[in-house]
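Participant: Got a structure for you, questions after.
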Amino acid sequence: MEQLLQQLETHRKDIEAYHTPGAEGAEQFRITYLGTKGLVKSLMGEMKNVPSERKKEFGQILNDFKQFTEAKYNSLKEAAENGQTAAAVDIDLTLPGDIIPVGSRHPISMMRNRIVSIFQRLGFSVAEGPEIEDDWHNFTALNLPEHHPARDMQDTFYISTDPAWLLRTHTSNIQIREMEKGRLPLRIICPGRVYRNETISARSHCFFHQVEGLYIDENVSFADLKQTLYFFVQEMYGNDVKVRFRPSYFPFTEPSAEMDISCQLCKGVGCNVCKYTGWLEILGCGMVHPKVLEHCNIDPEKYTGFAFGMGVERPALLKYGINDIRLFSENDVRFLKQFRGVV
Ligand code: DAH
């Protein structure tokens, strides 16, 4: 009898701790404890081994135990019917939570956003265009007719099944697409990814990012171009930055220029980043060529405009002190997570 009572105590503890959730858990409980071959039935069978003077006492204890078991079964069943799992009910709120990794912006996105937001403050709005482009928008309309030597400046990936299509080599295709819409004046800033068939190394890649700008209106002059870009570099690099324009050549602008800024690392003294010149080349620009305007049905006698284009990778390398352009596209979390909290 004493042994039986001890067994009952152990069973009680097991029942209390039982927490297999859902309808299945409840059914399993019923079979183990309350079924025809279950524990309660077998304990009833023990009655015959109990001395007769203690039968009443044991009967009562057993009855209690049965009620206790049935109550547990009912609560399991109810929880299952309410769609709650017993585990959810038993949740331990003092345990530490699961760690949710915090993401970060990609350094290229951060640099692009910085560039774009400066021009947005000057009233430029963002325009985008396709990365898979046709010859007209990437070359011909930009005054690079077929067999023009300037096409060799940009090594192009063509779509092998239809070479009329290519991966854009610059964001200047967006200029054409926006001008073709025929809504003037036009003041746009165009960020995007571009592709060139180049050997991949620490300094160059077969895809990278550019930001293009375009302003078309009556009486837009080279002075407007200079002042706009000067404002940009001051916002971007600080008021002590110096700029210089060097004459250059682009088929879609005339005159064309390249703009340099004084090296921000050595403050113009000369270092290995600026190759001891004191200057860093940051963008190409110029007055939109009249032929380009004509290609987009804009009257070059009435309208003029300026355009510029710059890379995003190089300023990002400089700003964040990165020495290999390939890191931007390898998606290595050890690299990317260093930009948490950086803006
Ligand atoms: N499209 C040129 C390039 O990829 C950059 C550029 C230069 C864009 C001058 C312009 C511009 O709009 O006026 O090298």
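Yes or no, residue by residue, for (1) among the aliphatic types (A, V, I, L, M); (2) surrounded by 13 or more Cβ atoms within 10 Å (Cβ to Cβ); (3) closer than 30 Å to ASP162 by Cβ:
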{"site": "ASP90", "(1), (2), (3)": "no, no, no"}
{"site": "LEU95", "(1), (2), (3)": "yes, no, no"}
{"site": "ILE99", "(1), (2), (3)": "yes, no, no"}
{"site": "MET110", "(1), (2), (3)": "yes, yes, no"}
{"site": "VAL116", "(1), (2), (3)": "yes, yes, no"}
{"site": "GLU133", "(1), (2), (3)": "no, yes, yes"}
{"site": "TRP136", "(1), (2), (3)": "no, yes, yes"}
{"site": "ALA150", "(1), (2), (3)": "yes, yes, yes"}
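Participant: To continue, here is another question. Any idea how many residues of the stretch 275-284 are open to solvent by 20 Å² or more (accessible area, probe 1.4 Å) and either aromatic (Phe, Trp, Tyr) or within 16 Å of the ligand (Cβ to nearest atom) (or both)?
Facilitator: 4
Participant: Looking only at residues that are within 21 Å of HIS205 (Cβ to Cβ) and at pLDDT below 85 in the stretch 132-164, which one is nearest to the chain's Cα centre (by Cα)?
Facilitator: The selected residue is GLN154.
Participant: Can you pull out every residue in the stretch 1-48 that is under 17 Å from ILE61 (Cβ atoms), over 58 Å from the mean Cα position of the chain (by Cα) and open to solvent by 70 Å² or more (accessible area, probe 1.4 Å)?
Facilitator: GLU2, GLN3, GLN6, GLN7, GLU9, LYS41, MET44, LYS48
Participant: Mind listing whichever residues of the stretch 149-182 are out of contact with any Ser or Thr (no Cβ under 9 Å at 6 or more places or on another chain), more than 13 Å from the ligand (Cβ to nearest atom) and in contact (Cβ under 8 Å) with a residue 24 or more places away in the chain?
Facilitator: ILE159, ALA164, TRP165, ARG177, GLU180, GLY182
Participant: Here is a follow-up. When you go through ALA80, ALA141, ALA127 one by one, which is the residue that is on the phi < 0 side of the Ramachandran plot and assigned by TED's automatic domain parsing to the domain that holds GLY38?
Facilitator: ALA80
Participant: Criterion first (modelled with pLDDT of 95 or more, within 14 Å of the ligand (Cβ to nearest atom) and not β-branched (Val, Ile, Thr)) does PRO185 satisfy it?
Facilitator: Taking the combined requirement at face value, the residue does not satisfy it.
Participant: Filter the stretch 285-343 for residues that are closer than 19 Å to VAL211 by Cβ and away from the ligand (no atom under 14 Å from the Cβ) and give the result.
Facilitator: Selection gives PRO315, ALA316, LEU317, LEU318, LYS319, TYR320, ILE322, ILE325, PHE328, SER329, VAL343.
Matching residues to (1) of a type in the set (Lys, Arg); (2) surrounded by fewer than 11 Cβ atoms within 10 Å (Cβ to Cβ):
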{"site": "GLU294", "(1), (2)": "no, no"}
{"site": "GLY305", "(1), (2)": "no, no"}
{"site": "MET310", "(1), (2)": "no, no"}
{"site": "PRO315", "(1), (2)": "no, no"}
{"site": "LYS319", "(1), (2)": "yes, no"}
{"site": "ASN323", "(1), (2)": "no, yes"}
{"site": "ARG334", "(1), (2)": "yes, yes"}
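Participant: Now for a separate question. Mind counting the residues in the stretch 303-335 that are assigned to a loop (DSSP other than H, G, I, E, B), in contact (Cβ under 8 Å) with a residue 60 or more places away in the chain and not hydrophobic (A, V, I, L, M, F, W, C)?
Facilitator: Qualifying residue count, the stretch 303-335: 3.
Participant: Residues that are surrounded by 16 or more Cβ atoms within 10 Å (Cβ to Cβ), in contact with a strand residue (DSSP E or B) (Cβ under 8 Å, 6 or more places away or on another chain), in contact (Cβ under 8 Å) with a residue 24 or more places away in the chain and of a type in the set (D, E, K, R): does the stretch 74-83 have at least one?
Facilitator: no
The values are calculated or read from the model by the stated rules, or taken from the named source; none is laboratory data. Here the structure is a predicted model, which means the values were calculated and not measured. Every residue, glycine among them, receives a Cβ derived from its backbone with ideal geometry; neighbour counts consider all protein chains shown. These area figures cover heavy atoms from the full protein model, side chains too; ligands, DNA and RNA do not enter into them. Shrake-Rupley method; radii C 1.70, N 1.55, O 1.52, S 1.80 Å.
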